[in-house]
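First the structure, in the form of structure tokens, and then the observations on it.
We did not get these values from a lab; they are worked out from the coordinates using the rules stated. Small disclaimer: the values here were computed from a predicted structure and weren't measured. Here the Cβ positions follow ideal geometry from the backbone for every residue, glycine too, while neighbour counts run over all protein chains shown.
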């Protein structure tokens, strides 16, 4: 999916930043949520649109205009807000950074669903600090839902303009009762 071999990070990523458990990731979470929603809304301009241009990437997977435009928007927002951070996207690959942090993007996770008019796709934005994923947001614009999480802040789920609700796992030990 991405053209970065496992472990191929800048040396500074391992030496400069070891994300402390006590750091608050709230600003980065709010940012990731905002840009995932914004890029997701952009994809809706193309969703179920007749004549959507879809090409095949080198690995045979589809890529649409919506994928390319959404990733471009995400990259522009990140570069303007966090210019020292690296960016790794499915469509454009890796842009090196110097902060030891990497934003990981999948502008349309579920492109097959997207190009066939199935609303089960999402715009994914994550932040890796050192070796750890510390923030993640998944906007599912066609069903108007969002799931987000950050280290130390928990996971949340929201529908439409409703307030985020804590995402929880069941307390039951018996899977049949869950």
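Convert 20 °C to kelvin, take the viscosity as 1.002 mPa s, use the Kirkwood radius over C-alpha pairs of the stretch 28-107 as Rh, and evaluate the Stokes-Einstein diffusion coefficient in µm²/s, rounded to a whole number.
Values: Rh = 13.3 Å.
Result for D is 161 µm²/s.
Name the residues of the stretch 97-139 whose amide N is less than 13 Å from a point 7 angstrom out from the Cα of residue 165 along the C-beta direction?
Zone members listed by number: none at all.
Provide 120, 153 in ascending order of the number of other Cβ atoms located within 10 Å of each residue's Cβ, fewest first.
Details: 120 11, 153 14.
Listing 120, 153 from fewest to most nearby Cβ atoms yields 120, 153.
Which whole number of Å³ per residue matches the convex hull of the alpha-carbon atoms in the chain?
On the way: hull volume 26.8 nm³, N = 178.
Spelled out: Cα convex hull of the chain, divided by residues, is 150 Å³.
Calculate how many DSSP beta bridges within the chain are antiparallel, expressed in % of all such bridges and rounded to the nearest 5.
90 percent
Cut-off 10 angstrom, C-alpha nodes, Gaussian network model of the chain. Which of 122, 130, 154 fluctuates the most?
Top of the fluctuation ranking is 154.
Suppose R0 equals 30 Å. What FRET efficiency, 1/(1 + (r/R0)^6) with r the Cβ-Cβ distance, do residue 81 and residue 61 give to the nearest 0.05? Intermediate results must be reported in sequence, preceding the final value.
On the way: r = 29 Å, r/R0 = 0.97.
Approximately 0.55, to the nearest 0.05.
By counting other Cβ atoms within 10 Å of each Cβ, how are 170, 111, 81, 123 ranked from fewest to most?
Placing the least packed residue first, the sequence is 170, 81, 111, 123.
Please identify, among 48, 168, 69, the residue showing maximal mean-square fluctuation in a Gaussian network model of the chain using a 10 angstrom Cα cutoff.
Result: 168 has the largest fluctuation of those listed.
To make sure I understand, if each residue's beta carbon is the centre and we count other beta carbons within 10 Å, what order do 87, 133, 35 fall in, fewest to most? List each step's numbers first, then the result.
Details: 87 21, 133 15, 35 24.
Result, fewest neighbours first: 133, 87, 35.
What does the extension gain come out to for residue 26 and residue 96, with contour length at 0.36 nm per residue minus their alpha carbon separation? Don't skip to the answer; put the middle values down first.
Details: separation 70, 0.36 × 70 = 25.20 nm, distance 2.39 nm.
Full extension from residue 26 to residue 96 adds 22.8 nm.
Restricting to DSSP H runs of at least four residues, report the calculated mean residue ellipticity at 222 nm for the chain, -39500 (n - 2.57) per run over all residues, nearest 500 deg cm²/dmol. Please list the in-between numbers first.
Working: 4 runs with 46 residues, N = 178.
For the chain, the value works out to -8000 deg cm²/dmol.
Anyone know which of 141, 163, 83 comes out most mobile in the 10 Å Cα GNM of the chain?
163
Hey, what's the per residue convex hull volume over the C-alpha atoms of the stretch 71-152, in cubic angstrom? Walk me through the numbers on the way to the answer.
Numbers: hull volume 8.0 nm³, N = 82.
It comes to 97 Å³ per residue, whole-number rounded.
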